[in-house]
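The values are calculated or read from the model by the stated rules, or taken from the named source; none is laboratory data. In this text the structure is predicted, and so the values were computed from the model without any measurement. A quick note on method: Cβ atoms are made from the backbone with ideal geometry, for glycine too, and the neighbour counts reach across all protein chains shown. To get the accessible areas, we keep the full protein, side chains included, count just its heavy atoms, and leave off ligands, DNA and RNA. Shrake-Rupley method; radii C 1.70, N 1.55, O 1.52, S 1.80 Å.
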Protein chains: 2
Amino acid sequence: MTDFDYDLVIIGAGPAGLTAGLYAARARMHVLLLEKAVPGGQIIVTDWIENYPGFPEGISGFDLAEKMKLQAEEMGLKIDTAEVHSLNLQQDLKEVVLTDKTLTAKSLIIASGASPKKLGIGEDRYMGKGISFCATCDAPFFKDKTVVAIGGGDTAVQESIYLTKFAKKVYLVHRRDELRAAKILQERAFANDKIEMVWDTVVTGVDGLFGIEGVHIRNVKTNEEKTLAASGCFIWVGTLPNTQFLGDDVQTDEYGFIRADARMQTSVPGVFAAGDVRDTPLRQVSTAVGDGAIAAVSAEHYIENL
Amino acid sequence: MTDFDYDLVIIGAGPAGLTAGLYAARARMHVLLLEKAVPGGQIIVTDWIENYPGFPEGISGFDLAEKMKLQAEEMGLKIDTAEVHSLNLQQDLKEVVLTDKTLTAKSLIIASGASPKKLGIGEDRYMGKGISFCATCDAPFFKDKTVVAIGGGDTAVQESIYLTKFAKKVYLVHRRDELRAAKILQERAFANDKIEMVWDTVVTGVDGLFGIEGVHIRNVKTNEEKTLAASGCFIWVGTLPNTQFLGDDVQTDEYGFIRADARMQTSVPGVFAAGDVRDTPLRQVSTAVGDGAIAAVSAEHYIENL
């Protein structure tokens, strides 16, 4: 193999990428982790994590991300801020194209995570003006106001509960007649006076001149339409993989999540995937760290056998 | 389905079982975790864990196990001390046979872990009299003495380093001419004056009247045999699955580890496996917690669709 910059480049500094970096640094691989924004991934906008084993009192997503980053750096991991533009994977030596330069590496771990799915109800126009995907970021702007939350999974329910610390009322709009969230979260939501469930309902749009004033909803069983008076709308209806840079060489599933086997090997030898970006049955911090550890050890074995 | 005791019985309280219990309790499943000894699994005999993400300063295995147990119990998990004798898996309702009674459950998660592999060099006769599998447990007995350690992986190297806190000298005997352990551990071992590597060598037996006095070794390249004067012998040459109760219904790989798919489903519907006991590519705390979370969610889905 010709000259190369790194044994391993990891893309993304969420729990999967940071764990992969921790293991790779411990293995004394020449490794670089690239993160386009702030290390931590989606957990830095997660108010409180109580299901990552080892923290009986729970821990804020921000603090957990800080600890993971510190731990990996203390083992010798180098983290650079850079956005990956594209990948060239046709040759054995992988190329990672950044805005200002191209890096070469013997192996890659893609741990770029996932982002909240949009509904097409005016997200672009009303972002920062009433529409949000992040309660931790934006809930304080809605003190004593009424907001609409959309979704039925863990994130929607947990973050709606968080919203009630600020908002005077939260309509939780869900398209089905039951929640998908963990039962313990459902119990808490149902016991919360500030949360009103709006079942069998979808949000069709928002309006307002400078910010949101009304949220339009439709009951999917009766087709009845009405408008909820609210000044905020939080959307938690699932995630999409962050794979804008991926190209066509790495196989994905029908939703765009990267296919990987039990060793986190993708369809391209030497390219591994870990965490929310892969076709995993569960997207949690606990599964992301497992993926990251396996991907790093697999990358190490791959390089040893080159 | 007829009467049953539990939605879910989890076997084993290591990181995989405790995480499965945490998730199942959060899902408000009627769940029982069975542990035959002390909760924590193999990590409670692990001196120091520095590669479980979230603990930049590292954490003792005992403390991490305590935190995981406390966290699961605070979510409502019930843990009973009981040894599983056998399983009856022919019917939809699973039977877990204990010494004094039989429990029934709609689903099972097997997270019974793995145990150190023996070499057949007199482990039964010399257990507690010089042979050990646990530095944390037994190292203090060898203060200022010479001991032999066997193995070349992470455990062997890390625990050998720990032994040097007590022993005056540690021979680390390995059958190959290089270690398999993470490079950072190798560096520490090579830099440690008290550790002497004995390459290309196997241990063929031990002798001594009341305790160990000599450890017999053979160089696999030259066939030269000799005896190391030592009063202890620590064996870290891999693990075997704890599946004595398993029976023939659940498929295993050639080494006896339980085969499970990406959702932790075994060959028997409703029976899931997680952690060291399954055919995983990596046995770490970080992978065990990921397995446990997935197995619990899979068991929940399985029950919902019964």
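When DSSP beta bridges are restricted to pairs lying wholly in the protein assembly as shown, around 45% turn out antiparallel. Within a Cβ distance under 9 Å of A:Gly152, other residues only, what is the Lys/Arg minus Asp/Glu net charge? Residues near A:Gly152 contribute +2 overall.
With the Cα gyration tensor of the range B:123-235 in hand, convert its eigenvalues to equivalent ellipsoid semi-axes via √(5λ) and list them largest first in whole Å.
Working: eigenvalues 79, 63, 25 Å².
Value: 20, 18, 11 Å, ordered largest first.
Ascending distances from the B:Glu83 label point to its copies in the other chains, with the point 7 Å along the Cα-to-beta-carbon line: 6.1 nm. Per-residue packing, averaged as other Cβ atoms within 10 Å, sorts the ranges A:194-205, B:25-36 into the order B:25-36, A:194-205, beginning with the highest.
Each DSSP beta bridge with both residues in chain B is either parallel or antiparallel, and the antiparallel ones are about 45%. Taking one quarter of the surface of the convex hull spanned by the alpha-carbon atoms of the protein assembly as shown gives a direction-averaged projected area of 30.7 nm². Between the listed residues B:Phe55, B:Tyr162, B:Ala65, the Cα displaced farthest toward the positive end of the dipole of chain B, a dipole computed from Cβ unit charges relative to the Cα centre, is found at B:Tyr162.
Ordered by solvent-accessible area of protein heavy atoms (1.4 Å probe), largest first, the residues B:Asp47, A:Asp193, A:Asp177, A:Asp124 come out as A:Asp193, A:Asp124, A:Asp177, B:Asp47.
Can you give the FRET efficiency for A:Gln244 and A:Thr222, using 1/(1 + (r/R0)^6), R0 = 60 Å, r = Cβ-Cβ distance, to the nearest 0.05? List each step's numbers first, then the result.
Values: r = 39 Å, r/R0 = 0.66.
Calculated value: 0.95.
Taking amide hydrogens as placed 1.01 Å from N in the peptide plane, the amide H of A:Leu172 sits under 5 Å from those of A:Ala149, A:Glu196, A:Met197, A:Val198, each at least 5 positions away in sequence or on another chain. A cut-off under 13 angstrom between Cβ atoms defines the neighbours of B:Asp291, and their net charge, with Lys, Arg +1 and Asp, Glu -1, is -1. For the range B:1-62, the convex hull spanned by the alpha carbon atoms encloses 90 Å³ per residue.
Checking an interface number: how much accessible area is buried between B and A, summed over both chains, with a 1.4 Å probe, in Å² rounded to 100?
Working: alone 15150 and 15160 Å², together 26690 Å².
When B and A are taken together, about 3600 Å² of accessible area is lost.
Between A:Asn305 and B:Val38, the C-beta separation translates, for a Förster distance of 51 Å, into a calculated FRET efficiency of about 0.80. Restricting the calculation to alpha carbons of the range B:166-206 gives Rg and Dmax of 10.9, 31 angstrom.
Just tell me, in residue order, which DSSP H segments of chain A are both 27 angstrom or longer along the helix axis (alpha-carbon based) and at least -0.5 in mean Kyte-Doolittle hydropathy.
Working: long enough: A:285-304 (29 Å, 0.62).
Result, helices passing both filters: A:285-304.
Based on the reciprocal of the average 1/r between different C-alpha atoms, the Kirkwood radius for the range A:95-189 equals 15.9 Å. Charging the Cβ of each Asp and Glu at -1 and of each Lys and Arg at +1, and nothing else, the dipole of the range B:62-172 about its Cα centre rounds to 520 debye. For the range A:1-158, the normalised intensity computed at q = 0.15, 0.16, 0.17, 0.19 Å⁻¹ comes to -0.90, -0.98, -1.04, -1.17 (log10 of I(q)/I(0), Debye sum over alpha carbons, equal scatterers, no solvent). If one computes P(r) from the Cα atoms of the range A:212-306, what percent of pairs lie at distances over 21 Å? Beyond 21 Å sits 50 percent of the P(r) for the range A:212-306.
Count the net charge of all other residues whose Cβ sits under 13 Å from the Cβ of A:Gly113, scoring Lys and Arg as +1 and Asp and Glu as -1. Local net charge: 0. Computed about its Cα centre, the charge dipole of the range B:123-235 is approximately 180 debye, with only Lys, Arg, Asp and Glu carrying charge at their Cβ. Would the range A:65-110 count as rounded, prolate or oblate if I go by the C-alpha gyration tensor, calling it rounded below 1.5 in a/c and otherwise prolate when a/b exceeds b/c, oblate otherwise? The shape class here is prolate.
Here chain B is treated with +1 on each Lys and Arg Cβ and -1 on each Asp and Glu Cβ, and its dipole about the Cα centre works out to around 740 debye. Projecting the Cα atoms of B:Ala13, B:Ser267, B:Ala105 onto the charge dipole of chain B (Cβ charges, centred on the Cα centre) puts B:Ala13 farthest toward the positive pole.
Ranked from shortest, the separations from the 7 Å Cα-to-Cβ label point of A:Ala191 to its equivalents in the other copies are 5.1 nm. Pairs of Lys residues in the range B:123-235 are counted when their Cα atoms are under 13 angstrom apart and they lie 8 or more places apart or on different chains; the count is 11.
Projecting the Cα atoms of A:Leu228, A:His216, A:Val202 onto the dipole axis of the range A:123-235, where Lys and Arg carry +1 and Asp and Glu carry -1 at the beta carbon, places A:Leu228 farthest toward the positive end. Considering protein heavy atoms only and a 1.4 Å probe radius, which residues within the range B:16-46 exhibit an accessible-area decrease of no less than 20 Å² in the full assembly relative to the chain by itself? Going by heavy-atom accessible area, the residues of the range B:16-46 that drop by at least 20 Å² are B:Leu22, B:Tyr23, B:Arg26, B:Ala27, B:Arg28. Pair-distance distribution P(r) for the range B:140-196, from all Cα-Cα distances in 10 Å bins starting at 0: 27, 58, 14 percent.
Quick one: order A:Phe190, A:Phe272 from most to least accessible surface, probe 1.4 Å. Walk me through the numbers before you get to the answer.
Working: A:Phe190 110, A:Phe272 5 Å².
The residues order as A:Phe190, A:Phe272, largest area first.
With a 1.4 Å probe and all protein chains in place, put B:His174, A:His85 in order of accessible area, largest first. Display every interim value, and only then the final one.
Values: B:His174 10, A:His85 130 Å².
Reading off the accessible areas and sorting them downward yields A:His85, B:His174.
For chain B, the direction-averaged projected area of the alpha-carbon convex hull comes to 16.8 nm².
Computed in the context of the full set of protein chains, the accessible area of the protein assembly as shown at 1.4 Å probe radius has 48% of its extent on carbon or sulfur. The mean number of Cβ atoms from other chains found within 10 Å of a Cβ in peptide A:66-79 is 3, as a whole number.
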